[in-house]
1. Is the C-alpha gyration tensor of the range 381-447 telling us rounded, prolate or oblate? Criteria: a/c under 1.5 is rounded; beyond that, a/b larger than b/c is prolate, otherwise oblate.
2. How would you classify the range 704-783 from its alpha-carbon gyration tensor, with a ≥ b ≥ c the square roots of the eigenvalues: rounded for a/c under 1.5, else prolate if a/b is greater than b/c, otherwise oblate?
3. Between Asp12 and Val647, what length in nm is gained on full extension when 0.36 nm per residue of separation is reduced by their alpha carbon distance?
4. Give me the distance in nm between label points sitting 7 Å out from Cα along the Cα-to-Cβ direction at Met535 and Glu697, one decimal.
5. By how many nm would the segment from Asn666 to Lys565 grow when fully extended, if each residue of separation counts as 0.36 nm and the alpha-carbon distance is taken off?
6. Could you rank Ser425, Ser543 by how accessible they are, 1.4 Å probe, largest area first?
7. Among Trp120, Trp522, what's the order by accessible area (1.4 angstrom probe), most exposed first?
8. Tally Lys and Arg at +1 and Asp and Glu at -1 over the other residues with C-beta under 14 Å from the C-beta of Ala573: what net charge comes out?
Amino acid sequence: MKDRLNLPSSGDIKKTLSLEDGKLPSFPQAAAKLLEASKDEKSSLADLSIIVETDPGISIRVLEIVNSAMYGLKRRVTALSEAVVFLGLNEIKKLALGMTVFEKLFKSGRTEKFDRLLFWRHCISTAVLSMEIAKETRYPDPEEAYIAGLLHDIGKVLLDVRGRVNYGDFIAELETSADLIIEKERSVLGLGHDDVGAFFCSRWKLPENLALAVKYHHQPFEHLGLNRDEKLLISIVSVADFLCWTQGIGSLDLIRPPILAPEVEKIIDLDRINLMACIQKMNQDVDHISKFYHFVFPSANQLRENLLWTNLKLSKANTRYYYQEDPLARVREDTPAASRISSDMELEFGKPLARAKSIKEVLDIVMYQVGLVFEPLHWSILLKDPKTEDMVFSVVVGTGRDKLTGTRLPKGEGIAGAIMESGDSLIIEDVEKDPRFSSRADRYTGFKTRSIIGTPLKTEDKVFGVIELINKINEDRFTPKDLKILSSIAEYAAIAIERAYYNQALTALATKDALTGLKNRWSFERAVGSKDEVMKRYGTVFSMLIAVVNGLKDEDDARNDDILKQVAEILNAVKRRRDDIFRYGEDTFILLLPLTYAEDAETAKYRILKAASGAFPSDTRSPQLQIQAYTVSAEDSVHLKTLVRGVLPKAKLLVNEDRVKEIEDNLQPLVENETQKNEPDTDKSSTFGKAVALGGEFIRLKTREFGQIQVERLSMTAVRFRVPKSNRIEVNDFLDLRFSLDDLKKSVVERRVVVRERQATYILADFYNPPPYSKDLGFYLMS
């Protein structure tokens, strides 16, 4: 068992968990006996009764649920022997085991940030869903799948109660990270919850199947030589865990679904399982079970099929990203001349891509690394316009950036068009000899194309873009070896882009209202869920405005949508920069106003009403906006959700019904929108950037001559400096600059630049391929 489990050593456990008292956490005795009885076909009701009755509290609670409306029995049951007649031995075992584990192991924790109610809801949901999927896949013991689902995250409890690193602090750090939870645990805490959980399952002598499911529900297991049922149980728990996260029922209050190991989708064909029926059954059972535990779970969002399928697409992209063979390593093995791709370069490529939270970040990282490897004069990503099927220069770097960004090529035109249609990489060593070459881009930019390499960006079966490189700085032509390297980088990049696309779409589905684009109810409840976060965002005293639109027509009246969008526009128009607006319900909006006392809240209220009066007539047939104002202390912010629910008891929970478009149908307009929002300041007047006085030196690439410079203005994309008179620097020359900042660290900046203007000894230059994550320069310019 130990060989297959590959358990951490006791020393590793002691580095991660605090065990100064010498005692290892114990598994509840009653639960252990129940597990033992569940595997013994000869166990009887009498055996079960003896086990449960050792803990009278558990016995009473089991009888309570048997007598609840969940089972609808006609008369009251007073003994376990009667209960089993109605429910069956397996059902009683399941209820008793769940109650024992919760009361003795899961109920209390060390940190408030690790919400045990959310965690237990996730465990119960995963257990119920595991049992339903086990039935669908004909696993021989669905009750065992239930228990495996119940215990799959037990390692998180141990990390919370005994961890040397505070698990609450870890969760807070996780909220600002894009890392997978399991990977972050390993890097920050030392071990993941899967390893910790499996270690203790083994120590507690729990059935081996359960320990395997706990260990491998986040890890590949194909290499272990497991039998069919063992592999199926692990896969069942993995899928159940994943599906719970897709429905907003994660073990932590985050939008961070896990990934599925590649073999899971081979073992369980998700297309052949009625996932929606399984999830509906889970929702029903969890609702009933919550009554058993005498508490109300935080309300789960309504069933969201669109959210489920978006998560599945994201999971597939994540699986390919994390488990694919390293394409750069493959190139290095096959192509000795490609040794320029060092392990350092891979770290700079892979790690930033893994952390990237948006498509824009991913594209910036990809383009920067392409520039480092190939040193092209100009390089770009072209994406297909889903409406016209034109190829659009969506991301452009290099000498033609300003002129070429947004330029369109008709479908099939040029080298990029040929790549898009064929899905194959191309190298054109001399464009004058290739009839497919289009001079359209040359006419726009004024430069002369000599050599091109290009490769498609594609998902498993569809091309959504092209990476194209034009000319080299050193005027060499591109080679087949260059093309092989570029194709491998594109393979890696395409998966990262797909991950970012679906991750971004998933976040929007979960946090934004589809109709108005405002933050939604879930976002509001997160915003006011923690006193510390409220104080950081809104200050010690802030105000809340609750705005209700009265007089809407029937629910299906299309005019309602127009009215609600108009209200959202009014609220956006009058709000201050730091104010937050949420669409809380069908006809309800909430505004949170940082550092705002009662008097200013009333001013804001009447400012909104005045704007609304100009939009809506005052007659009784027109909708009217009613606003209530409340001023709140951050200390009392924990009661805000209760206050709002009291004021708005009938506010309808909205579900974002938007369907996420396929990546090839939506990426181009999305990137265009992001680029416009994040467009850097391109002003190159004498007053651009920050005024500085920094000494440095230059090297002219063409002739290798060098000299001193005096930097006078500086931004993230450009630099203005003076040079000695005795040099031959010309417009479009490439220079390597090196200068030191006058910050505390005396940070050294080394950049390649392309000269844009020269007036006597003054030179204005753009940074060639500036890195997207230059912290030292960024902090310096902001200071």
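The values are calculated or read from the model by the stated rules, or taken from the named source; none is laboratory data. For clarity, every value in this text was computed on a predicted model and none was experimentally measured. With ideal geometry, Cβ positions are generated from the backbone for all residues, glycine too; neighbour counts draw on all protein chains shown. We work out accessible area using only protein heavy atoms, side chains counted, and drop any ligands, DNA or RNA first. Shrake-Rupley method; radii C 1.70, N 1.55, O 1.52, S 1.80 Å.
1. In terms of gyration-tensor shape, oblate.
2. Since a/c reaches 1.5 and a/b is larger than b/c, the shape of the range 704-783 is classed as prolate.
3. Computed gain between Asp12 and Val647 is 223.4 nm.
4. Spacing of the two 7 Å Cα→Cβ label points: 5.2 nm.
5. Using 0.36 nm per residue and subtracting the Cα-Cα distance, I get 34.1 nm.
6. Listed by decreasing accessible area, they come as Ser425, Ser543.
7. Putting Trp120, Trp522 in descending order of accessible area: Trp522, Trp120.
8. Local net charge: +4.
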